[in-house]
Each structure stands twice: as structure tokens, then as C-alpha cells.
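For reference, the structure discussed in these notes is given below.
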Amino acid sequence: MIIQSPLRFEKVSAKKVSDFIREQLEEAIILKELLSEEQLPTERELAEIFNASRITVREALSQLESKGLIEKRVGAKGGTFVLPVTANSHKRTRAEIAKDWEHMLKVFEYRMIVEPEGAFLAAARITTDELDLLQHYLDQSIEADCTREWFRALDVKFHLAIAKASGNPFCEAAVRQIRTKINPSLDLMPYDDQIRTVNYDVHTEILSALRARDAEKSREVMRHHIGHSADAIYARLVAKG
């Protein structure tokens, strides 16, 4: 008699080294760790960093270029530069987001579990330097000359900093994964003074709760913020479509 095993295994799939390189660079760009107009290391330098051949690196860069994430420039000041993600957001249509909305809902459900609890932990563990860093991000985000791309970058930095302040590396890794999934949708959202003000106010409320070491309040405000973000994306990018 054959007994059915309850274990579920994934089939092995071959993955090229260039895909691993592309994924790491793409994540850094989506999470704004590589900023717009920032020049990437040369192919030779990247090959040394990733311990791969220049041909493999070149293939990874070609994939990123086809996605509109980087651009190769020639001339005396040439090289490979990161393009503004928001400038190429038109390449992802509302129809694509609507089609994937059920998957996106799962991401937001996961986010609703992870980030509020991360804020809860951070309220007890965050350091003075980390609080000052969050304030620094907030101050920059409300400045009149804050560009759309930098505003989005500061938003990512703010949330990742709280996850790091939780003191739990698994929480930090989870938030990185979540932001990689939702940032392309956030980059399609409008940007104006009202958006900046609303974002500033809610982030200020989160920071105030963290300063007060109020774990329950930190969790509550973060949960409300995440729920509002999901609703705003749906209303703007899915319902209107």
C-alpha cells in the first residue's frame, strides 16, 4: 500500500547566475537603496562584487535596461545610471495591477501582520539615534523642494528603519520583501503637496508613539496607516480602471 506523503516539495528549476545578480540590483533600485541618477559600478567591478564573469553581469544589466530601471550613457561622463522608477511607472498599467490585485491583497494582509508588530517591538527597543534618523527622514519629506522620487525613497527608508529598530532581523527581512512587492504600485500614486502633508502627519504620529515608548499606540497607528495605503491604491489604480 502506498501512503500519500503530506509533504509538499517544489520542483527544481534552473536559475542563471545573471538572474541572481539582476534580482539583487533590481531590489536595491525598487527599495531606493540605489537612487535615481546614481552611477553603478563598472562591469568589471560588479563582476568582482558578485564573483561572476563580465558576460554574466552584462546579461543582468541588459535585463534591467529592458525594464527601464537603468540606462547606459556614452561619453566622457558615461556609464550605467539608475533611472527614476517613478519616471518609468507608466510601463506598468492599471490593468496589470487590477489583474494581480488578489495577489496584492495577500501582500497587504501579510504587511498588516508584520509591520504593526514590528512597530510594537520597536517602541521598546528603538534607540535615540534611530529616533533622530526617523525625524531626519520626516524633515526632508516635507521640504518644498522634495522631489517625487526622493519622497518615495524617504517613505521606504522610514518604514525599513522602524523594521530594523524592532531588533528582529526576520521582521526587517519581511518588510524588505513586502516593499519590493508594493513599491511599483506606490510609484504609480499621485504626488502633490497634499499627499506629502498627509504622509508627514501620519508618519509624525507613528514617530510620536515610538518616542513615547507606547507600543500599543505604535501598532495601532501603523495598522491604520497600512490599511489606508491599501485602500488608496485600490481606489486610485484598481477601482478607477
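The values are calculated or read from the model by the stated rules, or taken from the named source; none is laboratory data. Owing to the predicted nature of the structure, the values given are computational and were not obtained by experimental measurement. Please note: Cβ atoms are built from the backbone with ideal geometry, for glycine as well, and neighbour counts cover all protein chains shown. Please note that ligands, DNA and RNA were not included when accessible areas were found on the heavy atoms of the full protein model with its side chains. Shrake-Rupley method; radii C 1.70, N 1.55, O 1.52, S 1.80 Å.
To the nearest 0.05, how large is the calculated FRET efficiency for ILE55 and THR147 if R₀ is 41 Å and r is the Cβ-Cβ distance? If you can, show how the numbers build up before the last one.
On the way: r = 36 Å, r/R0 = 0.88.
Plugging the Cβ-Cβ distance into 1/(1 + (r/R0)^6) gives 0.70.
Cα atoms only: what Rg and Dmax, in Å, come out for region 94-238?
When restricted to Cα atoms, region 94-238 yields Rg and Dmax of 14.6, 44 Å.
Can you work out the FRET efficiency for the pair THR197 and LEU7, with r the C-beta to C-beta distance and R0 = 45 Å, to the nearest 0.05?
With R0 = 45 Å, the Cβ-Cβ based efficiency is 0.30.
By accessible area of protein heavy atoms, probe 1.4 Å, what ranking do LYS15, LYS32 get, highest first?
Putting LYS15, LYS32 in descending order of accessible area: LYS15, LYS32.
For ARG125 and VAL74, compute 0.36 nm times the residue count separating them, minus their Cα-Cα distance, and round to one decimal in nm.
Result: 13.6 nm gained on full extension.
For region 14-82, what's the relative contact order in percent, using C-alpha pairs closer than 8 Å and at least 6 residues apart?
39 percent
Run through all the Cα pairs of region 155-236 and give the fraction in each 5 Å bin from 0, expressed as whole percent.
Percent of pairs per bin, in order: 3, 13, 22, 28, 21, 10, 4.
Regarding region 14-82, what whole-number volume in Å³ per residue does the convex hull of its Cα atoms give?
So the per-residue hull volume is 85 Å³.
Let me have the 222 nm mean residue ellipticity of the chain computed from DSSP H runs of 4+ only, each contributing -39500 (n - 2.57), with the sum over all residues rounded to the nearest 500.
Per the formula, -21000 deg cm²/dmol.
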